[in-house]
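Q: Dropping the structure in here first, questions after.
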Amino acid sequence: MLYELLKDLCELIGPSGFEQDVQRFIKNEIQDKVDVLEIDALGNLIATVKGTDPEMPSILLAAHADEIGFIVKKIEPNGTLRFELLGGFDNRVLLAQPVAIKGTDGYIEGVIGTLAVHYVKWDDPKRIASHRDMYIDVGASSAEEVLEMGIKVGQPISYGSGLKLAGDKKRNRVVGKALDDRAGCAVLIELIDRLQANPEKRHGDIYCVFTVQEEVGLRGASVLSPNKKPDFALAIDTTPTSDTYDVLMTGTRVLGQGPCIKIADKSLISHPLVTGLLEKVAGEQDIPYQQEIFMGIGTDAGAIHMTSTGVSSGVVSIPSRYTHTPIEIVDLEDLENTVRLVEAFVLSSKELVGKNFLDT
């Protein structure tokens, strides 16, 4: 079930540059279901499903294994930890949040400290503290106690919120940290399962890549294409919804109304051959979908499409509320329909053979 897979993925600590636990988990999940499994120099996990039809194009599918997170920067004499950010944060979200530190002997729980409300009368309530002024409390009273716990400078930290069902089970929605982009990783794992279970399905070579360091500048994805030289590429990522009636919301990306087929973001204008086929197969197979134009984000496709001699690329986005917080929400039906859409694209990709930009 997707929920159990997603829970296992999300509750691992794996901020940018420290994705080892996530990559090890994914490797164990898929190693007996793919033809080739590689780890490149940066840490990208590349799973190849060999083609069953030599006339069909090769396709690279990318989901990033990293999450936004923190790194231990300093241990104070009183046992609190100073930290630095890995990825994009809103400092207003940080205060009083639970965190988990990957220590030398396992995961250690802590919290980002905050002033008790009783002190607010002496503070400016409109002040937004920098993360550099904040600290993490792990229940220690000295630096020596922190070291005894197995915590040292340079260790990674994630939010400490586990994955839970939101509301009742009928709603089919989950809430937690790291859904950006463990949700995309779950989609690729499920796709690999379906291809392995149905070897009669026709497709070209498929490269399912779980990338690293997306949240700090699409770094892992930037080295993929020169080695694999895919004919087409899709990133599978999340996208912030705009459906909650907040003042900035436009209602153009709605939770539960299907995956978003990206037209443009700040990193990519999707190739019309790719978006056209995605929309065509969605219509043929009654897969609900939305169109996405949102300049507030970028994805791995932004790096992939400009590498080597260029790769015709697009993105399938999973709608997500409260992105880059410890309480992201996705709808499991959107996740299932994302799997269906990506699989339909792969199995219909023969329609793209021999076509180029001017055929759109």
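The values are calculated or read from the model by the stated rules, or taken from the named source; none is laboratory data. Computed from a predicted structure; not experimentally measured. Virtual Cβ from ideal backbone geometry, glycine too; neighbours counted across all protein chains shown. Ligands, DNA and RNA are stripped out before the accessible areas are found, and what is left, the full protein with its side chains, is counted by its heavy atoms. Shrake-Rupley method; radii C 1.70, N 1.55, O 1.52, S 1.80 Å.
Q: Excluding ligands and nucleic acids, what accessible area in Å² is computed for residue 202 using a 1.4 Å probe, to the nearest 10?
A: 120 Å²
Q: Here is a further query. What value, in deg cm²/dmol to 500, does the helix sum -39500 (n - 2.57) over DSSP H runs of n ≥ 4 give at 222 nm once divided by the residues of the chain?
A: -7000 deg cm²/dmol
Q: Working out 0.36 nm times the residue gap between residue 351 and residue 266, then minus their Cα-Cα distance, what length gain in nm do you get to one decimal?
A: Net length gain for the segment: 27.8 nm.
Q: Given R₀ = 51 Å, FRET efficiency for residue 198-residue 153 by Cβ-Cβ distance, to 0.05?
A: After rounding, the FRET efficiency stands at 0.55.
Q: Pop out the ³J(HN,Hα) list for region 98-109 in order, Karplus 6.51 cos²θ - 1.76 cosθ + 1.60 with θ = phi - 60°, rounded to Hz; leave Gly and Pro as x.
A: x, 9, 10, 9, 8, x, 5, 10, x, 7, 10, 7
Q: Springs between alpha-carbon pairs under 10 angstrom, Gaussian network model over the chain: which of 235, 344, 178 fluctuates most?
A: Residue with maximal mean-square fluctuation among 235, 344, 178: 344.
Q: Label point 7 Å out from residue 74 along Cα-to-Cβ: which residues of region 108-152 have amide N under 11 Å?
A: 132-134
Q: With the chain treated as a Gaussian network of Cα nodes joined by springs under 10 Å, which of 159, 107, 289 yields the largest mean-square fluctuation?
A: Maximum fluctuation in the GNM of the chain, among the listed residues, is at 107.
Q: Mean Kyte-Doolittle of at least 0.0 plus a Cα span of 20 Å or more along the axis: flag which DSSP H helices in the chain meet both, please.
A: Span-like helices here: 179-197, 332-347.
Q: Using a 1.4 Å probe on the protein heavy atoms, what percent of the accessible area of region 18-81 belongs to carbon and sulfur?
A: After summing per-atom areas, the C and S share lands at 50 percent.
Q: Okay, moving on. Among the lysines, select those whose C-alpha is under 16 Å from the C-alpha of residue 73, and discard any that sit fewer than 8 residues away in the same chain.
A: Straight-line reach from residue 73, under 16 Å: 102, 152.
Q: Counting only protein heavy atoms and using a 1.4 Å probe, what share of the accessible area of region 203-360 belongs to carbon plus sulfur, as a whole percent?
A: C and S fraction of accessible area: 53 percent.
Q: Ok, one more. Scan (i) 145; (ii) 154; (iii) 187 for the value of volume of the Cα convex hull per residue in Å³ calculated from this model and give just the label.
A: The listed entry that was calculated here is (i).
Q: Here's another thing I want to ask about it. Take the chain, connect every pair of alpha-carbon atoms lying under 10 Å apart with a spring to form a Gaussian network, then pick out the residue of 308, 16, 320 with the largest mean-square fluctuation.
A: 308
Q: Cβ under 12 Å from residue 27's Cβ, residue 27 left aside: what net charge do those residues give with Lys, Arg +1 and Asp, Glu -1?
A: Result for the local shell: -3.
Q: Sorting 295, 149 by accessible area (1.4 Å probe), largest first, what list results?
A: 295, 149
Q: Averaged per residue, what accessible surface does region 251-298 expose to a 1.4 Å probe, in Å²?
A: Result: 42 Å² per residue.
Q: Check each of the GluC sites (Glu not before Pro) in region 167-267 and keep only those in coil by DSSP with at most 10 other C-beta atoms within 10 angstrom; list them in order.
A: Here the sparse-neighbourhood loop sites are 200.
Q: Scan region 36-101 for GluC sites (Glu not before Pro) in coil per DSSP, keeping those whose Cβ has at most 10 other Cβ atoms within 10 Å, and list them by number.
A: Taking region 36-101 and a limit of 10 other Cβ atoms within 10 Å, the loop GluC sites (Glu not before Pro) found are 55.
Q: Could you check the simple spin-label distance between residue 119 and residue 145, using points 7 Å along Cα→Cβ, in nm with one decimal?
A: 1.8 nm
Q: Would you mind getting the accessible area per residue of region 8-56, heavy atoms of the protein chains only, 1.4 Å probe, in Å²?
A: Roughly 46 Å² per residue, with all protein chains present.
Q: Got a sec? What order do 39, 192 fall in by accessible area at 1.4 Å, biggest, i.e. largest, first?
A: 39, 192
Q: For region 106-160, which trypsin sites (Lys or Arg not before Pro) are in a loop by DSSP, counting at most 10 other Cβ atoms within 10 Å?
A: Sites meeting the loop and neighbour criteria: 126, 127.
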